[in-house]
Amino acid sequence: MKELDKYIESNRDRFLGELKDFLSIPSISNDEASKSDVRRAAEWLSAEMNRIGMENVKIYETEGHPVVYADYLHAGKKPTALIYGHYDVQPVDPVELWDSPPFEPVVKDGKIYARGSADDKGQIFMHVKSLETHLKTNNTLPINIKVIFEGEEEIGSVNLEKFIGNNKKLLKADYVVISDTSMYDKDLPSICYGLRGLTYMQIDVTGPNRDLHSGTYGGGVDNPVNALANIITQLKDKDGRITIDGFYDDVAELTKKEREEFARLPFDEKKYMDDLDVNGLFGEKGYTTIERVSARPSLDCNGIWGGYQGQGAKTVLPSSAGAKISMRLVPNQNPEKIAQLFEKFIVKIAPASVKVKVTSLHGGKPSVTAIDTPAINAAVKALKEAFGVEPVYFKEGGSIPIVNTFKEELGADAILLGFGLPDDNIHSPNEKFDLGNFYKGISTIAYYYEELSKI
Ligand code: BES
Ligand code: ZN
């Protein structure tokens, strides 16, 4: 057994205890009431970084939640890797669907259940423990390392974007290493080489100046809920194609080679449907499920409101309605352009009988990492060593918009080494993280630093 693994092995229980402490802090970034807890998570991380021997540990203030920075730059001409991750988490609602409280981590069947366990606190903690393993075993790190953890990824990373722009020298690195994605499947180590972009919109529809009796006025006045439903159903056709004018103009078509590679990935449609308990699948005609969820754009209504939602029946013609709509984007779609096309289309199809307001909430560009590079080959070696199997390459349907900022501002490619699993319930009740992946992830990352020192 390698010295590094001996250290991990003999500190397993302590690592788990610390992970539980970290996951107990409710660092929900979109919740004003959790603001001090978000800061507490940043302080916890920086204390931990100091404790393991990282240097220049600092909490940088932003206009929003703080950024945690640390470095260890004693490897001379060896490469510099910038480790990025986020310590903020998604809200926990609907909390009644959790089997155990989201911020009281429990271990069951080799998995740890808590909000943020996989996305992304558990995964950034693997990096901290890999650094500790090197520092305590070898008294140094094999490459130069900078670490940046933010508290606003789940709300669009707006302040981090500015921070990167203003601190290019501080953050300068050859590679960015990120563990905020999943493996393609259990026991199948994976390299994620693409992420979708995002445009997130809100539609507000207003009708009469007050709620009306649906008997007195129904049939004579347009109903904002009906009008909104009508608008939403016009955004996609029956073949699952998005109907917004110009939406597909910049979409890079899949190459024959890429389609062949996707087709080689293991995919069991029945298992997929059984896991979700759905009777059928739906998506863009002419594409497989893997293609639809990773390499083709999508449009989804994330939430919709308006009118009476209480018990029983109340006859009312509501005065307003609204919806939140996200579009996942692929190369070479531009989030701002898509936001404009969306607004233009809504204005075009909206009935004159209601007022419609369209707002852009946030967005991010898609990203792709070239796979035939020394840094990716080093990751392949590290994954193979830790998991004993050859990794697969795939694209994630989710988004990490800042990946593109790192490329544009620092010129650095991101290596996405994720250890989550597709059924980790991220953004959903009962989020979990596989502890086998947690420990193997710590080893993989520790090996990866060694591999990067050789290139
Ligand atoms: N960790 C996810 C990204 C992700 C999602 C990776 C699914 C792999 C699979 C990240 O924290 C996230 O949720 N990002 C948001 C971005 C948004 C808030 C700008 C997303 O994809 O919705
Ligand atoms: Zn995440």
Report task. Considering every residue within the stretch 233-256, establish whether at least one is of a type in the set (S, T, N, Q), surrounded by 11 or more Cβ atoms within 10 Å (Cβ to Cβ) and touching a helix residue (DSSP H, G or I) at 6+ places or on another chain (Cβ under 7 Å). Result -> yes
Report task. Of all residues in the stretch 342-364, count the ones that are touching a Gly at 6+ places or on another chain (Cβ under 6 Å) and either surrounded by fewer than 20 Cβ atoms within 10 Å (Cβ to Cβ) or polar (S, T, N, Q) (or both). Result -> 1
**Report entry** In the stretch 152-204, residue surrounded by the most Cβ atoms within 10 Å (Cβ to Cβ) [restricted to those that are within 16 Å of ligand 1 (Cβ to nearest atom) and of a type in the set (K, R)]
**Finding:** R196
Requested in this report: Select from the stretch 7-32 the residues that are within 22 Å of the chain's Cα centre (by Cα) and of a type in the set (G, A, S) and list them in ascending order.
Outcome: S24, S27, S29
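Given the criterion within 22 Å of D413 (Cβ to Cβ), at pLDDT below 95 and touching a helix residue (DSSP H, G or I) at 6+ places or on another chain (Cβ under 7 Å), identify the matching residue among S157, S130.
Details: S130 fails: at pLDDT below 95.
Answer to the selection: S157.
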Query - Hits in the stretch 369-392 - residues which are aliphatic (A, V, I, L, M), crowded, with 20+ Cβ neighbours inside 10 Å and under 17 Å from L265 (Cα atoms) - result: none
Report task. Could you list all residues from the stretch 205-223 that are in a strand (DSSP E or B) and crowded, with 17+ Cβ neighbours inside 10 Å? Result -> V205, L212
Query raised in the report: Could you say whether any residue in the stretch 130-145 is touching a Phe, Trp or Tyr at 6+ places or on another chain (Cβ under 9 Å) and within 14 Å of ligand 1 (Cβ to nearest atom)?
Result: no
**Report entry** Qualifying positions in the stretch 178-189 - touching a Pro at 6+ places or on another chain (Cβ under 9 Å) and within 16 Å of ligand 2 (Cβ to nearest atom)
**Finding:** S182, M183
Report summary line: Going through the stretch 6-39 in order, the residues found to be among the hydroxyl-bearing types (S, T, Y) and farther than 21 Å from I155 by Cβ are Y7, S10, S24
Report task. May I ask you to list the residues in the stretch 51-91 that are touching a helix residue (DSSP H, G or I) at 6+ places or on another chain (Cβ under 7 Å), more than 12 Å from F149 (Cβ to Cβ), within 16 Å of ligand 1 (Cβ to nearest atom) and not polar (S, T, N, Q)? Result -> G64, V89
Query raised in the report: Out of (1) buried (at least 17 other Cβ atoms within 10 Å of the Cβ); (2) more than 16 Å from ligand 2 (Cβ to nearest atom); (3) of a type outside the set (A, V, I, L, M, F, W, C); (4) under 30 Å from W305 (Cα atoms), what's the single condition that is false for K146?
Result: (4)
Report summary line: So the strands (runs of 3 or more DSSP E) completely within the stretch 1-114 holding 3 or more residues that are within 16 Å of ligand 2 (Cβ to nearest atom) are 80-86
Report summary line: Flagged in the stretch 140-182 as more than 26 Å from P79 (Cα to Cα) and assigned to a loop (DSSP other than H, G, I, E, B), in numbering order, are G151, E152, G156, S157
Query raised in the report: Can you find a residue in the stretch 401-409 that is part of a loop (DSSP other than H, G, I, E, B), buried (at least 19 other Cβ atoms within 10 Å of the Cβ) and within 16 Å of ligand 2 (Cβ to nearest atom)?
Result: yes
Query raised in the report: Among the candidates A414, A375, which residue alone is within 24 Å of K77 (Cα to Cα), modelled with pLDDT of 95 or more and not in a helix (DSSP H, G or I)?
Result: A414
**Report entry** Residues being more than 16 Å from ligand 2 (Cβ to nearest atom) and of a type in the set (A, V, I, L, M, F, W, C) - total across the stretch 159-177
**Finding:** 5
Requested in this report: Would you confirm whether any residue within the stretch 236-252 is free of Cβ contacts under 8 Å to residues at least 24 places away in the same chain and at positive phi?
Outcome: no
**Report entry** Flag for K395 being surrounded by 17 or more Cβ atoms within 10 Å (Cβ to Cβ) and under 29 Å from I164 (Cα atoms)
**Finding:** yes
Report summary line: Result of the Cβ filter at 8 Å on the stretch 329-342, keeping first residues that are closer than 18 Å to Q202 by Cβ and partners that are part of a helix (DSSP H, G or I), at least 6 apart or interchain, is L329/P335; L329/I338
Query raised in the report: Consider K407 against the criteria (1) within 30 Å of V221 (Cβ to Cβ); (2) without any contact (Cβ under 8 Å) to a residue 60 or more places away in the chain: it satisfies all of them except one. Which criterion is unmet?
Result: (1)
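The values are calculated or read from the model by the stated rules, or taken from the named source; none is laboratory data. Owing to the predicted nature of the structure, the values given are computational and were not obtained by experimental measurement. Every residue, glycine as well, gets a Cβ built from its backbone with ideal geometry; the counts of neighbours run over all protein chains shown.
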